[in-house]
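Engineer: Take this structure first; my questions come after.
Any read-out appearing in this document is the output of simple, stated calculations on the displayed coordinates, not a laboratory observation. Computed from a predicted model, the values in this text were never measured in an experiment. FYI the Cβ positions are ideal-geometry reconstructions off the backbone, even for glycines, and counts take in every protein chain you see.
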Number of protein chains: 2
Amino acid sequence: MTCPLCSRSGENLLWEDAHCRVIRVDDADHPGFCRVIWHAHVAEMTDLTAAQRAHLLQVVFATEAALRALMQPLKINLASFGNMVPHLHWHVIPRFADDRHFPQPVWGTPQRDGRRHEPPDDEVLAARIADMMMA
Amino acid sequence: MTCPLCSRSGENLLWEDAHCRVIRVDDADHPGFCRVIWHAHVAEMTDLTAAQRAHLLQVVFATEAALRALMQPLKINLASFGNMVPHLHWHVIPRFADDRHFPQPVWGTPQRDGRRHEPPDDEVLAARIADMMMA
């Protein structure tokens, strides 16, 4: 079976280097939702070396910091499951008290129709992630 | 309002140091579920220093490694939300193809009654986490 994260089809790329990339997730209920994907097909964080883990997480936290700066969410949600696609990736999701699922995870039961908070422009977000990686 | 993670009431402690602790979560559907909790009342990973983040994640990955070694789950799920309790904590969850929610996150729609895989004894798990912290 072809892994969709290996094939990189239809991704909205915000940032990448030799090891991993950040893409924008198309989720109408949760604008600003980003995914950080390790390029190689590896399943678990503890399958990476400590240095690789640290690098991937530096990118996750650069993305978190960029989203906090640009959207001022009430909370950031971070998750790495890989149950459907066992290829390491992190969900980085800005959450708001009036979003569709709060305080449930975005995979939980909807709580209301939900307000869709204005996300940053892709170019602005991409530039901020790059800045945070230099910080 | 009192923060339940500050008050530490009713926790089944497996490991701790000056900065954070690992507890066993009482979830009948997901044996082996652990939580790694930063002692101080801080909301986001990017509110910690880089050194603090690295330390907390070292404990998360020691817990992941211990659970993998002792339970051989199909996947490990990692998540930090804090929507209900904005005090930094990480969920570390061993997942199996026949568990109640797989391949959904444990916060999603149940898929079946689910088989409950035998978890390690608390003392065995605690010792293995301590070993992994020394590795």
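Engineer: For the rotation taking chain A to chain B, which residue of A has the Cβ nearest the axis, and how many Å away is it?
Structural biologist: A:Ala79, 2
Engineer: Once the label point is placed 7 Å from Cα along Cβ, list for A:Asn12 the distances to the corresponding points in the other copies, in nm, shortest first.
Structural biologist: Relative to the other copies, A:Asn12 has label-point distances of 4.2 nm.
Engineer: Let me ask something else. Would you pull out the residues with amide H under 5 Å of B:Asn12's amide H, same chain only if 5 or more places away, H placed 1.01 Å from N?
Structural biologist: HN-HN under 5 Å from B:Asn12: B:Arg24.
Engineer: Hey, can you grab everything whose amide H is under 5 Å from the amide H of B:Asn77? Only 5+ residues off in sequence or another chain; H modelled, so Pro and N-termini drop out.
Structural biologist: B:Ile93, B:Arg95
Engineer: Still on this structure: Taking 1 over the mean of 1/r across every pair of different Cα atoms in the protein assembly as shown, what Kirkwood radius in Å do you get? List each step's numbers first, then the result.
Structural biologist: Working: mean 1/r = 0.0525 Å⁻¹.
Here the Kirkwood hydrodynamic radius works out to 19.1 Å.
Engineer: Mind pulling the angle between the C-alpha long axis of helix B:50-71 and the longest principal axis of chain B? Nearest 10 degrees, somewhere in 0 to 90.
Structural biologist: For helix B:50-71, the angle is close to 20 degrees.
Engineer: Could you give the distance between the Cα centres of the range A:32-71 and the range B:78-127, to the whole Å?
Structural biologist: Between the Cα centres of the range A:32-71 and the range B:78-127 lies a distance of 21 Å.
Engineer: In nm to one decimal, list the spacings between the B:Ala130 label point and its equivalents in the other copies, with label points set 7 Å along Cα to Cβ, shortest first.
Structural biologist: Spelled out, the distances from B:Ala130's label point are 5.0 nm.
Engineer: Where nothing but the Cβ of Lys and Arg (+1) and of Asp and Glu (-1) is charged, how large is the charge dipole of chain A around its Cα centre, in debye to the nearest 20?
Structural biologist: Using only the charged Cβ atoms, the result is roughly 280 debye.
Engineer: Now for a separate question. Where the only charges are on Cβ atoms (+1 Lys, Arg; -1 Asp, Glu), what is the dipole of the protein assembly as shown about its Cα centre, to the nearest 20 debye? Please report the intermediate quantities before stating the final value.
Structural biologist: Details: 26 positive and 34 negative charges, 27 e Å.
Here the protein assembly as shown has a charge dipole of around 140 debye.
Engineer: Something else: Shortest first and in nm with one decimal, please list how far the A:Thr49 label point sits from its counterparts in the other copies (point 7 Å along Cα→Cβ).
Structural biologist: Here A:Thr49 shows inter-copy label distances of 2.7 nm.
Engineer: Taking Cα atoms, how many degrees apart are the long axis of helix B:122-134 and the longest axis of chain B, rounded to 10 and kept between 0 and 90?
Structural biologist: 50 degrees
Engineer: Let me ask something additional. Quickly estimate the mean residue ellipticity at 222 nm for chain A, helices only: each DSSP H run with n ≥ 4 gives -39500 (n - 2.57), and the total goes over all residues, rounded to 500. All intermediate terms of the calculation are to be shown ahead of the outcome.
Structural biologist: On the way: 3 runs with 39 residues, N = 135.
Using -39500 (n - 2.57) per qualifying helix, the result is -9000 deg cm²/dmol.
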